[in-house]
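Q: This is the structure, below, for whatever I ask next.
The values are calculated or read from the model by the stated rules, or taken from the named source; none is laboratory data. None of the values given here were measured: they were computed from a predicted structure. All Cβ positions, glycine included, derive from the backbone under ideal geometry; neighbour counts span all protein chains shown. Surface areas here come from the heavy atoms of the whole protein model, side chains and all, with no ligands, DNA or RNA. Shrake-Rupley method; radii C 1.70, N 1.55, O 1.52, S 1.80 Å.
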Amino acid sequence: MSKKRFGLRQLKLVFVKLVLSMFLLSIVWVLLYKWIDPPATLHMIKRRAEAGKADKNDPEIKHTFVSLDEMSEQLPLAVVASEDQLFLQHHGFDVEAILDAFQRNRKGGNIRGGSTISQQVSKNVFLWHGRSYLRKAVEAYFTVLIELIWGKERIMEVYLNIAEMGDGVFGVEAASQLYFNKPAKDVGRKQAALLAAVLPNPIKYSAKNPSGYILRKRGRIARAMGRLGGTTYIKSILPAYEEQK
């Protein structure tokens, strides 16, 4: 009996050490990405593998990481207006949106998400895509970490660099160069709204050849950008504002 207790105690000790090691590694990982730009995400790697299997003419991923001050201020405003208007107020989670999505999903039909921009960054940078309670729990954990360690400006910067904006196209710089023949710094209000319009499904919808639905959605996003007060609404996460503090 004593041997069994000893073996169980050892097993518990190993488990505790494993959990603590994973916790410390996650902290270090998030800290590194506060200053080091993520070279790629699992989703990018998956898309590259899918393109290779499909024998596409150009299977390479288009992605160039640029800092927030190398982007038009219209870009963060557009995704806030479209994806997460409470981004500056919440601490990673929009509880009302999550409960609303839960109620809608219970009624059946198309699955709707209530993810904030912070949650999307957590999922895309640190995790795999999929639907499970385990993944959502780990996503929530990383969301808390990046909110505490990165802050809103860095979260927005990473989001705009890793968001999928077309087949094999990730980030606003690659998308701006491909669709508008200009750097992200020179993107205007309607162009920023167009990129935001395709974000829910950038494979189905195209910013290069937008459908009538996407053009109407672009108009709604552009109007929402105006109602929020323009770039003044997001001034607290703009580099120029941070330098003045």
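Q: Subtracting the Cα-Cα distance from 0.36 nm times the residue separation, let me have the gained length for ASN209 to VAL28 in nm, one decimal.
A: Contour length minus the Cα-Cα distance gives 61.0 nm.
Q: Right, another one. Once you order the gyration tensor axes a ≥ b ≥ c over the Cα atoms, which shape class does segment 169-245 get: rounded for a/c under 1.5, otherwise prolate or oblate by comparing a/b with b/c?
A: Because a/c hits 1.5 or more and a/b fails to exceed b/c, segment 169-245 counts as oblate.
Q: OK, next. With +1 on the Cβ of every Lys and Arg and -1 on the Cβ of every Asp and Glu, and nothing else charged, how large is the dipole of segment 115-183 about its Cα centre, in debye rounded to the nearest 20?
A: Value, rounded to 20: 220 debye.
Q: A follow-up question, please. Give, rounded to the nearest 20 debye, the magnitude of the charge dipole that the chain has about its Cα centre when Lys and Arg contribute +1 at Cβ and Asp and Glu contribute -1 at Cβ.
A: That gives a dipole near 1280 debye.
Q: Now for a separate question. Does anyone have the angle between helix 133-149 and the longest principal axis of the chain? Alpha-carbon axes, 0 to 90°, nearest 10?
A: Helix 133-149 and the main axis of the chain meet at about 70 degrees.
Q: Taking amide hydrogens as modeled 1.01 Å from N in the peptide plane, which residues meet the under 5 Å criterion relative to MET165, leaving out close sequence neighbours?
A: When sequence neighbours closer than 5 places are left aside, the close amide H contacts are PHE170, GLY171.
Q: Rolling a 1.4 angstrom probe over the protein chains, ignoring ligands and nucleic acids, what is the accessible area of TRP150 in square angstrom, nearest 10?
A: 10 Å²
Q: Also: In whole percent, how big is the carbon plus sulfur part of the accessible area of segment 120-245, probe 1.4 Å, protein atoms only?
A: Heavy-atom surface of segment 120-245 belonging to carbon and sulfur, 1.4 Å probe: 52 percent.
Q: Another question, if that's okay. Past 31 Å, Cα to Cα, is the threshold; run LYS34/LYS136; LYS123/LYS185; LYS12/LYS152; LYS152/LYS217; LYS208/LYS235 against it and keep the listed order.
A: Listed pairs above 31 Å: LYS12/LYS152.
Q: Give the aspartates and glutamates reachable from LYS62 as a straight Cα distance under 12 Å; neighbours fewer than 8 places away on the same chain don't count.
A: GLU164, ASP167, GLU173
Q: Follow-up. Find how much the distance from LYS190 to ILE98 grows on full extension, using 0.36 nm per residue of separation minus their present alpha carbon separation; answer in nm with one decimal.
A: Stretched out fully, the LYS190 to ILE98 stretch lengthens by 30.2 nm.
Q: Follow-up. Explain nothing, just compute: Karplus ³J(HN,Hα) = 6.51 cos²θ - 1.76 cosθ + 1.60, θ = phi - 60°, for every residue of segment 158-165 in order, whole Hz, x for Gly and Pro.
A: Values per residue, Gly and Pro as x: 5, 4, 5, 9, 10, 4, 7, 10 Hz.
Q: Check which residues have an amide H placed less than 5 Å from ASP94's amide H, if you skip close sequence neighbours.
A: Hits under the 5 Å cutoff: THR116.
Q: Please report, for the Cα atoms of the chain, the Rg to one decimal and the Dmax as a whole number; what are they, in angstrom?
A: Over the chain's Cα set, Rg and Dmax evaluate to 20.3, 74 Å.
Q: Per residue, how many Å² of accessible area does the chain show with a 1.4 Å probe?
A: 58 Å²
Q: Of TRP128, MET165, GLN10, whose Cα points farthest to the positive end of the dipole of the chain (charges on the beta-carbon: +1 Lys, Arg; -1 Asp, Glu; origin at the Cα centre)?
A: Ranked along the dipole, the leading option is GLN10.
Q: For ALA140 paired with THR232, estimate the spin-label separation in nm (one decimal), with each label point 7 Å from Cα along the Cα-to-Cβ line.
A: 3.8 nm
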